[in-house]
Ligand code: ADP
């Protein structure tokens, strides 16, 4: 199985959509689990409350019969006034309070108490003038009312949901329905019991005479509810995941489209078309930045390759001419008509051609080295004033020979510079050389040194032929020569060297020129 088959799955847009959905699904499942646990606990709590209150009602029916209402409202034993309790206990020593009711007649409250002593059940009441009444009850006579209550409650809760049982003191059983087959356990209070794989929540209340009231509810409804909720949740999750997958993929696709465009273009550039650029579509700031950076890099690469091609062509051209001349001379010599002096002359000419080719190659190498030597300059502090003065003296003779006036302007205060002295000498010499070369006799060349703010300025101004605006940038490229100067000596490397030296010193070159009027080259060294 090849890796290509998994290409789709390893794409960023698939991974982004996948992880987004996986995270969403995992958090939804966790949330659903927590909610269903809470719902299950809550349903159990409601079931317990229901069973307890049902058993309480049954107990009251068993103790008081069907006339519960005539006793008033059921109250807890703590709400019964102390005198009534004391009278109850004095009247029936050893009695245990089981239930209490309160009724109101005019402004007076009357309390009816039910209590057991041994297996006997008594009703007690404190009448007017604190006269105590009591009577022995026979709760077994209330069984028909209890049965009736069983039937009523069964109807309201549903016979497939709840069951009620009453165990008489002698152990015989009366049950509301047959929801549960077995007799179950005998734990008093609330418990969960399992029978034939079914769970029941059961409440048992043991009474004073040994009888037991039991109410139970099948927990199947909890399971059924949870299963129903789970189905609804799964359907909801599946739908959301389906839409989420499509939406997530589309969003991720939109976000990564820019990256794909960049990589497509990079591939096509690698195939050879250097002019290609990526279109900026303003999708996202990061993608825009990537596109901008990529385009800038491509632009640089294209310029470099173009420049390299031009330079290679120019070198080939500049070497071909002397080589052709050398070949011509060698052919003449090989023809056999040349005497010894002719051979000597030919050898001298060949040596000169070789020298000029070597100069060209050396100059090329030096420019390249200077361009990459920004951190390897031989920086020393020297007097720039002195350097300019000496340059003026050195070129004075050449200027005179050409009938040009060379003027040097140096400020009184000495100017020092930390730089590569030899390279600065070369820079000044190249500029002066050009100024003298492109200025006609009777013209003027000014060499000046000055300070402006904290920067140091060297300017070479001439009254020569000037430079056309369209050539202003190109003259600094290797081998570039303006049309008008092609007949003059030179190889088009002088200003490329000036530019390389300036760049290595982080200096700027400004050119002001108008054709026919002259030019001014100003080199500006920034403050250190
Ligand atoms: P080269 O002087 O060997 O031709 P450069 O690199 O020094 O090469 O100069 C490139 C071209 O710029 C020159 O050929 C010339 O056309 C133009 N140039 C340079 N300096 C001047 C100047 N002072 N006045 C007019 N043109 C100039």
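See the values below:
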| item | result |
| --- | --- |
| Antiparallel DSSP beta bridges within the chain, percent to nearest 5 | 95 percent |
| Per residue, the convex hull volume that the Cα atoms of region 257-386 enclose (Å³) | 202 Å³ |
| Helix 384-401 axis, angle to the chain major axis (alpha carbon atoms, nearest 10°) | 40 degrees |
| MRE, 222 nm, helices only [DSSP H, n ≥ 4, -39500 (n - 2.57), over the chain, to nearest 500] | -17500 deg cm²/dmol |
| Packing-based order for 24-33, 108-117, using average beta carbon neighbours within 10 Å, highest first | 108-117, 24-33 |
| Nearest 10 degrees, 0 to 90: helix 143-157 Cα axis against the chain principal axis | 20 degrees |
| Angle between the chain longest axis and helix 285-335 axis [Cα atoms, degrees, rounded to 10] | 30 degrees |
| Two-site label geometry, residue 276 and residue 401: point separation in nm, points 7 Å out along Cα→Cβ | 5.6 nm |
| Sequence ranges 229-235, 50-56, 518-524, 262-268, ranked by mean other-Cβ count within 10 angstrom, highest first | 518-524, 50-56, 262-268, 229-235 |
| Convex hull (Cα only) mean projected area of region 143-297, reported in nm² to one decimal | 17.5 nm² |
| Per-selection Kirkwood Rh - the chain (Cα, Å, 1 d.p.) | 35.8 Å |
| Segments 429-436, 87-94 sorted - mean Cβ within 10 Å per residue, highest first | 429-436, 87-94 |
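Where a number appears in this text, it was derived from the coordinates with a stated rule and is not lab data. All figures in this text were calculated on a predicted structure; none of them were measured in a lab. We place every Cβ from the backbone using ideal geometry, glycine too, and count neighbours over all the protein chains shown.
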